[in-house]
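Step one of this worksheet: look at the structure below.
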Amino acid sequence: MEELEYKTVQQEAEIELVEKKSRFIAKVRPVQEEQEALAFIQEIKSKHYNATHNVYAYVLRENHLQRYTDDGEPSGTAGMPVLDCIRKQELTDVAVVVTRYFGGTLLGTGGLVRAYGGAASQGIRAAVPIVCRLCDIYTVSCSYDLYGKVEYALNQAGYTIRGADFGAEVKLEVCVLRGEGERLMQLMKEITNALAAVAYQCCEYVTFQLEKKG
């Protein structure tokens with residue numbers, strides 16, 4: 001059964017922070033399969049082959065996988081804090097690698113947890129968390145004189161118009177949350193006196209920005 005929605009990240013991102021002269025470089029990438037996650041991790045390891053540690057964590061919808069490693073850091077001080085950052089934001093289909101170049105000063109277990117967790121958190125923020133919702137995609141076709149009224153009604157109802165084709169008539173590509181197609185059809189029938197045509201296209205995940213809390 002398909003999920004109605006899931007949260008992931010929009011883009012690849014990289015940040016760097018320094019803690020007592022140790023450099024922590026967090027690299028984040030959206031991934032969909034374990035092989036993709038493993039290839040990403042190997043890419044970072046090859047790039048930072050001379051780093052002290054390359055700690056990683058990833059979470060996938062595929063088989064509900066969750067993996068992490070401390071890569072030589074004390075148990076529970078590196079990979080788990082990175083994984084916790086992913087899980088606390090309820091993200092999936094994402095991989096995070098935090099590379100450390102040791103600066104000569106020991107951070108202690110608490111310092112390591114804060115540094116790895118902080119780097120991962122900043123990296124995820126830079127990668128822009130998003131929500132992907134399962135939507136039915138419809139085409140709404142109407143005459144030019146009805147276009148303004150139709151567009152206004154769609155926006156007021158909270159539907160997403162992701163494309164428009166202005167030919168002999170206006171054709172709008174509309175995203176509707178899964179199962180709400182009948183409501184869309186009824187709305188178009190009411191406001192256009194059944195003069196607008198509504199046609200189903202497909203079902204797919206559509207990206208939405210997460211609402212900021214507070």
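The values are calculated or read from the model by the stated rules, or taken from the named source; none is laboratory data. Quick caveat: nothing in here was measured; it's all calculated off a predicted structure. Because the Cβ atoms are built from the backbone with ideal geometry, glycine has one as well, and the counts that use them run over all protein chains shown. To get the accessible areas, we keep the full protein, side chains included, count just its heavy atoms, and leave off ligands, DNA and RNA. Shrake-Rupley method; radii C 1.70, N 1.55, O 1.52, S 1.80 Å.
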Q.
Can you tell me how many residues within region 74-92 are buried (at least 22 other Cβ atoms within 10 Å of the Cβ) and either more than 25 Å from L210 (Cβ to Cβ) or not aliphatic (A, V, I, L, M) (or both)?
A. 5
Q. If we scan region 15-25, do we find a residue that is open to solvent by less than 20 Å² (accessible area, probe 1.4 Å), in contact with a Lys or Arg (Cβ under 8 Å, 6 or more places away or on another chain) and either without any contact (Cβ under 8 Å) to a residue 60 or more places away in the chain or small (G, A, S) (or both)?
A. yes
**Q.** Flag for E173 being at pLDDT 95 or above, within 18 Å of C132 (Cα to Cα) and either surrounded by 14 or more Cβ atoms within 10 Å (Cβ to Cβ) or touching a Leu at 6+ places or on another chain (Cβ under 6 Å) (or both)
**A.** yes
Q) If we keep just the residues of region 186-204 that are touching a residue at least 24 places away in the same chain (Cβ under 8 Å) and farther than 15 Å from E151 by Cβ, which is surrounded by the fewest Cβ atoms within 10 Å (Cβ to Cβ)? A) C202
Q.
I need a count of the residues in region 110-154 that are among the small types (G, A, S) and within 16 Å of the chain's Cα centre (by Cα).
A. 5
**Q.** Candidate set from region 121-153 (those that are in contact with a Cys (Cβ under 8 Å, 6 or more places away or on another chain) and either within 14 Å of E19 (Cα to Cα) or free of Cβ contacts under 8 Å to residues at least 60 places away in the same chain (or both)); member that is most open to solvent (accessible area, probe 1.4 Å)
**A.** S121
Q: Considering each of L154, L210, L134 in turn, give the residue that is at negative phi and in contact with a Leu (Cβ under 6 Å, 6 or more places away or on another chain).
A: L134
